[in-house]
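As structure tokens, the structure follows; a few thoughts come after it.
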Amino acid sequence: MNPASHLWVIPALPLLAAALGALTPRGGRRLAAGAAIAAMAGALIASCFALHAALAAPAAHLTCNFEWFRLGGGAVRLGWLLDPLNGLMCVMVSLVSLLIFIFSLGYMDEDENFTRFFCFLALFAAAMLGVVVSNSLLLLFVSWELVGLSSYLLIGFWFHKPSAAAAAKKAFIVTRIGDLGFFIGLVWLYDSTGSLLLYDGGRGILEAHALAGLAAPALAGGLAASTAIGLLIFCGAAGKSGQFPLHVWLPDAMEGPTPVSALIHAATMVAAGVFLMARVFPLMAADQALASAPLHALTVVAGIGAVTALMGAAIAVAQDDLKKVLAFSTVSQLGYMMLAVGVGSWVAAIFHLLTHAFFKALLFLGAGSVIHATHHEQDIRRLGGLGGRMRVTFATFAVGMMALAGVPFVFSGFWSKESILHAAMEWEVSRLPLWAGLAGVVLTAYYMTRLTFEVFAGRPRSHAAEQARESPAVITVPLLVLAAGAILLGFLGTPAWPWLQSQLTGAAVPSGPLIESPVLTAVSVILVALGLGAGWYLYGRRPRSDAGAADPVAAAFPAVFAFLAARMKLDELYALTVGRLSSALSWLADFLDRRVWDGAIRLLARLGELAGLMNGEADRDGLNAGFDAVSEGFRRAGRAYSRAQSGDAQGYLRALAVGFVVLVVLVLMGCSR
Amino acid sequence: MNALQLCLAFSSLLFAVGLAGALARSNAIIVLLGLELMLNAANINFIAFWRFSPSSAPATGVIFVLFSIAVAAAEAAVGMALVIAIYRHQKTIRLPDATDLKG
Amino acid sequence: MSPLPLLSLVIFAPWIGAALIACLPRLGAGACRAIALAFSLSTLALSAVILGCYERGAAGYQLVEMHGWIGALAVHYHLGLDGLSLVLVLLTGLIAPGALLASWRQPGSPRLFSLLFLLLQGAALGVFLALDFFHWFIFWELSLIPAYFLIRLWGGPGAGRAAYQFVIYTLGGSAFLLLGFVAIFAATGTLDFVELARMGADGSLAARLAALGGFWPKAVFAGVLLGFAVKVPLFPFHTWLPPAYAEAPTSVSMFLTAVMSKMGVYGFLRLLWPLFPAPLHAASPFLIWLALGGAVLGAFAAMRQSDIKRMIAYSSINHLSYCLLAIFAVSAASGRAAPAGDAAAAALGGTLLQMFNHGLSAGALFFCAGILEARAGGRRGLGDFGGVRTAAPVLAGLCGIAMFSSLGLPGLNGFVGEFLIFRGVWGLVPWAAATACLGLFATALFLLTFWQRVFHGPRAGAAAGPFADVGPLDLAVLVPLVALMFLLGVLPQLLTGLFNPLVASWAAHLSLP
Amino acid sequence: MSAALAIVALATLGSAAAAMLGRSLLRSIFMLAVSWAGVAAFYMWAGAQFVAFAQVLIYLGAISMVALFAVLLTRQSRDEASPPPAALRRAILAVVAAAGVAAVLLWAVAHSPLAVSGSLAPATSVRQLGFDLMGRHAAALLVVGVLLTIALLGAVVLAADGAQERPGDEP
């Protein structure tokens, strides 16, 4: 029995819940939420079974392909795929989703569109699981776009807020730009291989036969088709995963409810791009064999990843909104993952993806707990002193913060980040990703310390913060579970016991010493300590006294801080370039339509009228605007001619008759002469 | 004068009558009907030439007349519609009053 | 041959209904509407019967009816149905009753409206089923007259002008079409599509036209092309479309965009391409630019519209340009040493799917725009609304699904057709596919802007006061359409199965004479 | 034979003249119908039965009816009589012009060498006519069909209510 043939159950369960939620009237809160949570629990159990089956044979790619529809002589085929990568992602996604669904019960309790919220959440989970389990790039793309749709719906969940509506649109449009690249890559790939199945018993696009064909230097400049296709697919991944320069939507997406930020914009959806890169890694790496190619796809990925990692971390330093800090931190961490893929270690990327999913979901839910307790106060300058009031939240948030900062040995973030840095160090092409990664480490530790001290230390700086009380169990229990995950998950992939690595690659990875390269580890530990120390020195030593006080860094370097706080002005840059360009294009199209094409037709008509004028058919309406200038001369001439026109039809007829007679007589006289 | 010339004379006279009517009367309907008479006169010519033509095999004259009648029908329909339109605008169908197209 | 003349029944059933309404002058408004709806639904019912006896594996014409008619002109009463016609008949059957329901509460004489509408429906069906130019052209022209009056008499403030423009423009186009076919008749002595397609395939049509004079083959091709280009419309012959669609009453806009715009594409596939493979091949590099112009500039022009219906009209131009792009790309590639059969099959299959899908989504969008217009007392600017989703969540949901279907969201019907078109065009003319992606981007941009301004934000404009959600009548139209969007998005084989043999045979015979 | 022609011609001309002169519109139309019937009789005389049939059908059947409708629909028109001097002037000018045309035409007819062949009417069966129409003249037939359609459309448009004519341009 092929376990992959039952894989469709995993996305189908939440999809059913979503359909149920969509048809439930507003009052059916229990039904919608219950169905969604039950479906997620079912999906989690099914995922565990799937993972179990996948781990039984880690090297085998279990597939179940089927025909979607016939077209011409061929057919479009789709399929499901099961291997350890899928299995782990399934479990992670469904577990995090389940926890966040439960969290949402408490967080969204007062919202009047509660049922709709669970419907969208379930739709998202279904689509995300669809991305994970599909064995066809087409099916993956379908789910991919549905993920985008549910993200759109959830960011704009409070659609009556104009900012939320705008953020939702921005997210959809920006990711769509990337997706169009993905789409073209997909179409290109389909055209050159005739299939979109990843694994198909030797005929799939990730298998040797197809890759050999794609990796030939077919394009101008000795580029391989696989390089171009890989980069186009990377466009999609970059859009979804908030990579520079398509990251601009992610901070705005924080307009959505906090569980949404945690689930979609921290743990799962944004990681889908990294997952995609890992999934099609053989394709991305196909051009590595081509030594003469001027550009390798993975080099670009590594470069973009490094830039994103550094840029995200730098911007996060200067944000004042609790969720925006976390959002830019997500951007930065996603950059790390892409960097890992780019330097060839997709295993490290997935390792970091899994640990990041837990600790970032934890951080967001912790932030959600704070926001819930303070009645939607998100400005860190107006919070403060919550450590004593919300002990569970504080403790779990601190765990997440330390995992993210990479505090050594205990927390999962340390291990996954070390493996990325290690991979970057071993990359032969360039050292820049490593330097960027190390610079990111110190910034990460610094801004997370700043955030924690601003929110939890000192004394309350607003009424809302004074009133804050610990959140109910439905919120804190998921926090505790995630905190446990944020600590324990790291031990799955330590160099001493590389269980995760062996499973993902399907080949036994020999266990080595706990610390692979002591120098690198020492450097990164020192950097973490430096970041933590700097954060404590600036924000922890003397906590901010009131909300209006200036940030110590802003006081020292106002220009730099303002530039970073304005997100490096990238949004403005986009408004000036892409926005201007598209509105100019639309103006041009509209102008062509109204003036040129329509004008050409009218000109034809007017020419007819002019001919009429010359013949005396004076048109009372004259000529319309737009042609006045040209036609004024004709009009005058016509007016002169039209003196003869009395408007008396019978007069014309009479003139005709007389003219005829006169003409005949004249002709006859001419003949007879 | 042979028979063909008689026919042609007949048509000429009919044409002249139609023309006189179209010129003399001020009622648009009568004017239009005068035009119809002139068309009829032209048709008579076709038939006459066809009837007395040296090579009588092709029925061109007849066919031409058929088309001409069709066109006349179209013309009459549009003409009468015009009359009604003018009437609606001006409350009269006197042609001497319908001089909006005056230059 | 089928014992029952099914196809004639399909065409003439709406006309029988129209005659019935015309003959019963004392009919009340409700009875008129009921009769019209019943006869309009007949198409759907009959196409269900046709589906029953339709041979899915065959590529040729089925249920053929052929009777001698005008011997001297070699005109036969020749009807036939293949996958292409069947898809369009189904679409007509779906949209026409919906459009009638959309007019249910419309002021003005329901008697005349129903009568004209049924005439229009029958004429459109005739165009899709006739296989002889003689009556095909009669149907083609007859469809204009009721459309004209429907726009003129029930349209908005600018309807008179828009209707004139519509009729004059399309009549002008079809005059060239007619002249072209007169020349074809003079050259070949037949007007039968099947016969002419055979001649077109083996090149004898071009040879005979050339025998009339060297300039004729090109002139005839240009004339026929112009006739269809105006009807679809192909950029830049599209300027009649936005005012006509915008000023027409909702029901007529639905029918115009869903069915009548398909008549032009149908003409391209049924006549222009089979009859003139070589001239079309020669012209297609240029025509591809025009189709791209429609796809990209149409979408960008839509972005600038402030009138919702004009915006949807421009999106129609954009969507139909994809169909034309696919046809031209296939034509450009035909005759190559290695004909890309798979890509051509994808492009053509995508075209047929896109025709049907565009009918569904644009029809539904126009219907939603009509609801908004009715609620707002005739206003339909983007700025006249705000926060409608708060006031009318069900309408917002249904309209949103139609919108996402229109912008090609996977999982809904629009995606499959667009994917296949792009996949095919990429295989044939890659740069065109890449350029056309700009249109996809702009479509998303303007549709989401529309959605944001009308449905999101605080309640404003017409939605500030009491604003009713959809009623049962609206649901009766929208729910089937939306259900089909989901169904065809997941199971496109329901549709592709009908025309796949046809597409396969097209793709297999791409050689030039 | 010429006598028959003369009678038909006189009747036709006479009724046509009466129609053009008559005061009453209704009587004019009636006289015109008579005149058209005379033309039909002429066609019969010339052996073109089918044309005669068409003449009766279209002129007597259709055009006279259309004219009648037009008369009835425009009943409220102000009195036909123009101020006498103007009407008189127009009438005189009309007669002069018509007489001139008639004179020219008659002179041309009388002085042209018109040969007459065969006193027998050429035999044209309706069947043959049909073949001709659908065969050699098919294109013209199509064009005329379109013309009629458009004329019909135009007539309806013109006669339709013009109240909503020329609204403002689109925004």
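Read the figures in this text as sums done on the coordinates, not as results from a lab. The structure presented is a predicted model; accordingly, all values stated were derived computationally and were not measured. Don't worry about glycine lacking a Cβ; one is built from the backbone with ideal geometry, like all the others, and counts go over all protein chains shown.
Using a 10 Å cut-off around each Cβ, can you sort D:LEU142, A:LEU99 from fewest to most neighbouring Cβ atoms?
Lowest count first: D:LEU142, A:LEU99.
What's the exposure ranking of C:ASP192, A:ASP593, going from fewest to most Cβ atoms within 10 Å?
Listing C:ASP192, A:ASP593 from fewest to most nearby Cβ atoms yields C:ASP192, A:ASP593.
What does the structure give for D:130-138 when I average, per residue, the other chain Cβ atoms found within 10 Å of the residue Cβ?
6
Note down the relative contact order for chain A as a percent, whole number, built from C-alpha pairs under 8 angstrom at least six residues apart.
11 percent.
Measuring from the lowest to the highest alpha carbon on each principal axis, how far does chain A reach, largest first, in angstroms?
Rounded to whole Å, the extents work out to 128, 64, 54 Å.
Relative contact order, percent, of region C:62-105 when contacts are C-alpha pairs under 8 Å separated by at least 6 residues?
About 28 percent, as a whole number.
Over 28 Å between C-alpha atoms is what I'm after, so list which of A:LYS161/A:LYS324; A:LYS323/A:LYS417; A:LYS240/C:LYS262 land there.
From the list (A:LYS161/A:LYS324; A:LYS323/A:LYS417; A:LYS240/C:LYS262), the Cα-Cα distance tops 28 Å for A:LYS240/C:LYS262.
So, by mean Cβ neighbours within 10 angstrom, what's the order for A:213-224, B:5-16, A:104-115 with the highest one leading?
So the order, starting with the most tightly packed, is B:5-16, A:104-115, A:213-224.
Can you figure out the FRET efficiency of A:TRP499 with A:ALA216, using R₀ = 35 Å and their beta-carbon distance, to the nearest 0.05?
0.40
With a 10 Å Cβ neighbour count serving as the proxy for reagent exposure, in which order, fewest first, do A:LYS170, A:LYS161 appear?
Ranking A:LYS170, A:LYS161 by Cβ neighbours within 10 Å, fewest first, gives A:LYS161, A:LYS170.
Considering Cα pairs under 8 angstrom that are at least six residues apart, work out the relative contact order of chain C and quote it in whole percent.
Relative contact order, chain C: 16 percent.
Given the -39500 (n - 2.57) contribution per DSSP H run of 4+ residues, what per-residue ellipticity at 222 nm results for the protein assembly as shown, rounded to the nearest 500 deg cm²/dmol?
Using -39500 (n - 2.57) per qualifying helix, the result is -23000 deg cm²/dmol.
Pop out the ³J(HN,Hα) list for region A:319-333 in order, Karplus 6.51 cos²θ - 1.76 cosθ + 1.60 with θ = phi - 60°, rounded to Hz; leave Gly and Pro as x.
8, 9, 8, 3, 6, 5, 4, 5, 5, 5, 4, 4, 4, 5, 5
Mind listing the phi-derived Karplus ³J(HN,Hα) values for region C:29-45, rounded to whole Hz, using 6.51, -1.76 and 1.60 with θ = phi - 60°, and x for any glycine or proline?
4, x, 5, 4, 4, 5, 4, 4, 5, 4, 6, 5, 5, 4, 4, 4, 4
Per residue of C:449-457, what is the mean number of Cβ atoms on other protein chains within 10 angstrom of that residue's Cβ?
5
Straight-line reach from C:LYS231: which aspartates and glutamates have a Cα under 18 Å away, not including same-chain ones fewer than 8 places off?
Straight-line reach from C:LYS231, under 18 Å: A:ASP593, A:ASP598, C:GLU141, C:GLU247.
Can you work out ³J(HN,Hα) from phi for every residue in region B:14-20, in order, using Karplus 6.51 cos²θ - 1.76 cosθ + 1.60 and θ = phi - 60°, giving whole Hz and x for Gly and Pro?
Result, rounded to whole Hz: 4, 4, 5, 4, x, 4, 4.
Taking beta carbons within 10 Å but only from partner chains, what does the mean come to for residues C:74-80?
For this peptide, the per-residue mean of nearby foreign Cβ atoms is 1.
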